[in-house]
Amino acid sequence: MEAATALEVASGSTLKVKEASPADADRPQASPQQEAGSPIPQLLPPIEEHPKIWLPRALRQTYIRKVGEAVNLLIPFQGKPRPRAIWTHDGCALDTSRVSVRHGERDSILFIREAQRADSGRYQLHVQLGGLEATAAIDILVIERPGPPQSIKLLDVWGSSATLEWTPPQDTGNAALLGYTVQKADMKSGLWFTVLERYHHTSCTVSNLIVGNSYAFRVFAENQCGLSETAPITADLAHIQKAATIYKTEGFAQRDFSEAPKFTQPLADCTTVIGYDTQLFCCVRASPKPKIIWLKNKMDIQGNPKYRALTHLGICSLEIRKPGPFDGGIYTCKAVNPLGEASVDCRVDVKAPN
């Protein structure tokens, strides 16, 4: 008997043997004369196979269904002659208006057409044969979507971030919450975008909001069935304002760029031919802008129509128009400003054509 009991426990059922009650021991025994004159009682058939329940492996842990889904459990058992099978729900008889049961030779079926949360609980199958009984328990959990969080508040807005806080839902849908989903909506577009999924706290900070926009927020609760059907929305909008920027200029010493004239490119000696225009070039740097004076053999040639003097961006040029034999000599470019003066010279030779 012990070996059989151990096997039945391993298969998910429990075997019990009914013990004789004390009343049976106090009952008076019939005398041989009474037994001879009394009718012979009908004997029960011998037990050829102990009752045992083969609980499927999938039912050895909590069996979860959603509200509205069907529950259809087929539990095989053994026992010979045919045992008696009885179902109970949390230790009480089944509600036959909601639960249907069918017993076969080797199995028992429990069926619920549309499960409701009230159908959750522990269901026990009792298989009885004579004084022996096998029992198996099945835990059924019927769940649905959770209710929405009770409220959501906009606590603070700073920079491009906003802080939210909410309270958990009153109804979790008969299942543990997996977290919360936080969404934001820009009032310009009105479209909702998810910023957090399966978030486990009841407060958060939403960052990277666009300056100049206004945002609303909502929070869904989530369990194994999915998100809550509705979500509370913040009563106040988060206005992301552009912060006033104040630029502070640091004082610095003004650099003095003033300098006396200095020639960076001197005049170059040249030889020209009578009747061909000739140009002289040099470069000067000075601040403030210097006055340029051209001299020939130390004589000022300013205003002479034979010469054309130009100055642009520190480049000084002198054009000698159709030079003659007497236009050769020493040419000088002098630069003068309030800080000083500088000059460069070159020699120009004029030759007759060959």
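The values are calculated or read from the model by the stated rules, or taken from the named source; none is laboratory data. Fair warning: this is a prediction, and the values are worked out from it, not measured in the lab. Cβ sites come from the backbone with ideal geometry, for glycine too, and all protein chains shown count toward neighbours. To get the accessible areas, we keep the full protein, side chains included, count just its heavy atoms, and leave off ligands, DNA and RNA. Shrake-Rupley method; radii C 1.70, N 1.55, O 1.52, S 1.80 Å.
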Label-to-label distance, nm, for residues given as residue 339 and residue 242 (7 Å Cα→Cβ offset): 4.3 nm
All lysines inside 29 Å of residue 52 as judged from Cα atoms, apart from same-chain residues fewer than 8 positions distant: 16, 18, 80
Candidates 175, 309, 137: whichever shows maximal mean-square fluctuation once the chain is modelled as a Gaussian network with Cα springs under 10 Å: 309
Simple label model, 7 Å out from Cα along Cβ direction - residue 311 to residue 250, nm: 3.9 nm
Efficiency of FRET from Cβ geometry, residue 67 and residue 93, R₀ 25 Å, rounded to 0.05: 0.60
Kirkwood-Stokes translational diffusion coefficient of the chain, alpha-carbon pairs, 20 °C, 1.002 mPa s, µm²/s: 67 µm²/s
Efficiency of FRET from Cβ geometry, residue 265 and residue 304, R₀ 22 Å, rounded to 0.05: 0.35
Members of 248/289; 262/298; 262/306; 262/322 lying beyond 23 Å, as alpha-carbon distances in this model show: 248/289; 262/306; 262/322
All-pairs alpha carbon distance profile, segment 129-253, 5 Å steps from 0, percent: 2, 10, 17, 17, 12, 9, 7, 5, 4, 4, 3, 3, 2, 2, 1, 1, 0, 0, 0, 0, 0, 0, 0
Residue 100 accessible area, 1.4 Å probe, all protein chains in place, Å² to nearest 10: 60 Å²
Relative intensity, log₁₀ I(q)/I(0), of segment 234-351 from a Debye sum that treats every alpha carbon as a point, q = 0.13 Å⁻¹: -0.59
Set of lysines with alpha-carbon distance to residue 153 below 18 Å, sequence-local pairs under 8 removed: 184
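Send over a whole-number figure in Å² for the accessible area per residue of segment 49-143, probe 1.4 Å.
Dividing the accessible area of segment 49-143 by its residue count gives 50 Å².
Using the Cβ atoms and a cut-off under 14 Å, what net charge is assigned to the surroundings of residue 296, where Lys and Arg are +1 and Asp and Glu are -1?
On the way: positive: 298, 306, 308, 321, 334, 347; negative: 300, 319, 327, 345, 349.
Charge balance near residue 296 sits at +1.
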In Å², nearest 10: area of residue 236 left accessible to a 1.4 Å probe: 100 Å²
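Whole number in Å², please: accessible area per residue of segment 153-244, 1.4 Å probe, ligands, DNA and RNA not counted.
56 Å²
Figure the gain on full extension for residue 186 and residue 274 (residue separation times 0.36 nm, minus the Cα-Cα span) and round it to one decimal in nm.
On the way: separation 88, 0.36 × 88 = 31.68 nm, distance 8.40 nm.
That works out to 23.3 nm of additional length.
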Total formal charge among the other residues, if their Cβ is under 10 angstrom from that of residue 335, Lys/Arg +1 and Asp/Glu -1: +4
Å² per residue, accessible surface of segment 275-328 at 1.4 Å: 65 Å²
Peptide ranges 76-84, 317-325, 91-99 listed from the most packed, as the mean C-beta count within 10 angstrom indicates: 76-84, 317-325, 91-99
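Apply 1/(1 + (r/R0)^6) to the Cβ-Cβ distance of residue 151 and residue 58, taking R0 = 45 Å, and write down the FRET efficiency to the nearest 0.05.
According to the calculation, E is roughly 0.65.
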